[in-house]
Amino acid sequence: MSIRSSIEALIRPSTVASAHCDLPCGVYDPAQARIEAESVKAIQERYQNAENMKGAQTVEEYRTRALAIKEQRADMVKHHLWVLWTDYFTPAHAEKFPELHQLFWTATKEAGAAKKSQDPAQGQQLLDAIKEIDTIFWETKKG
């Protein structure tokens, strides 16, 4: 036995794990995107109701801050969706659920639209798109 094969034998793992995602499943969940999307919608609602908010800020200051936070949260939605799409879902999932690609495209586009919209109805559209992905996600966990 050569020195190289001896070293390889020593460092070769005794157990090999495999997973279709980065880590064995259990770390991915559309809830992360949903929570951020709920924040987006809540900020859109508060933006619309800024005149009734109490505090030291002016309405303009309040709305400016709300927009900055909403844009950050919308980016987080996109991030969580893309991680789920690229790291969890497999070609087999896409084959079983052919609408999956379109759902992710729609949801990420809605997250992008949320950055520009102060309308809570748009925030609800984002939440609805995530809910469709969530339904499929949990369907994949059954089997």
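The figures follow:
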{"item": "Virtual paramagnetic centre 7 Å along Cα→Cβ of Asn52, amide N under 17 Å, in region 114-130", "result": "119-121"}
{"item": "Crossing angle, helix 31-48 versus the chain [Cα axis fit, 0-90 degrees, rounded to tens]", "result": "10"}
{"item": "Candidates Glu60, Glu110, Glu71: whichever shows maximal mean-square fluctuation once the chain is modelled as a Gaussian network with Cα springs under 10 Å", "result": "Glu60"}
{"item": "Proximal lysines to Lys96, defined as alpha-carbon separation beneath 26 angstrom and excluding residues fewer than eight positions away on the same chain", "result": "Lys78, Lys109, Lys131, Lys141, Lys142"}
{"item": "Backbone HN-Hα couplings from phi across region 128-142 [Karplus 6.51/-1.76/1.60, Hz, Gly and Pro as x]", "result": "4, 5, 5, 4, 5, 5, 4, 4, 5, 3, 5, 5, 5, 6, 6"}
{"item": "Exposure ranking of Val83, Val27, Val40 by accessible area [1.4 Å probe, largest first]", "result": "Val27, Val83, Val40"}
{"item": "Solvent-accessible heavy-atom area per residue, rounded to whole Å², over the chain at 1.4 Å", "result": "64"}
{"item": "Size of electric dipole in the chain: Cβ of Lys, Arg +1 and of Asp, Glu -1, about Cα centre, debye, nearest 20", "result": "240"}
{"item": "Residue among Ala129, Ala92, Ala31 with the largest mean-square fluctuation in a Gaussian network model of the chain, springs linking Cα atoms under 10 Å", "result": "Ala92"}
{"item": "Reachable aspartates and glutamates, given that their alpha-carbon falls under 17 Å from the alpha-carbon of Lys70 and they are not under 8 places away in the same chain", "result": "Glu36, Glu38, Glu45, Glu60, Glu61, Glu110, Asp119"}
{"item": "Most mobile listed residue (Ile35, Ile130, Ile11) in the chain, GNM with C-alpha springs under 10 Å", "result": "Ile11"}
{"item": "Dimensions (Å) - region 77-143, Cα atoms, principal axes, largest first", "result": "39, 17, 16"}
{"item": "Sequence-separation-based contact order of the chain, relative, with Cα cut under 8 Å and 6+ spacing, percent", "result": "33"}
{"item": "From the C-alpha gyration tensor of the chain, square roots of 5λ in Å", "result": "43, 20, 11"}
{"item": "With all protein chains modelled, accessible area of Phe97 [1.4 Å, Å²]", "result": "30"}
{"item": "Tail fraction, Cα-Cα pairs, region 51-99, threshold 13 Å, whole percent", "result": "69"}
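The values are calculated or read from the model by the stated rules, or taken from the named source; none is laboratory data. Treat the numbers as computed from the prediction; the structure is a model and nothing was measured. Cβ: placed from backbone, ideal geometry, glycine included. Neighbour counts: every protein chain shown. SASA here: full protein model, heavy atoms, side chains in, ligands and nucleic acids out. Shrake-Rupley method; radii C 1.70, N 1.55, O 1.52, S 1.80 Å.
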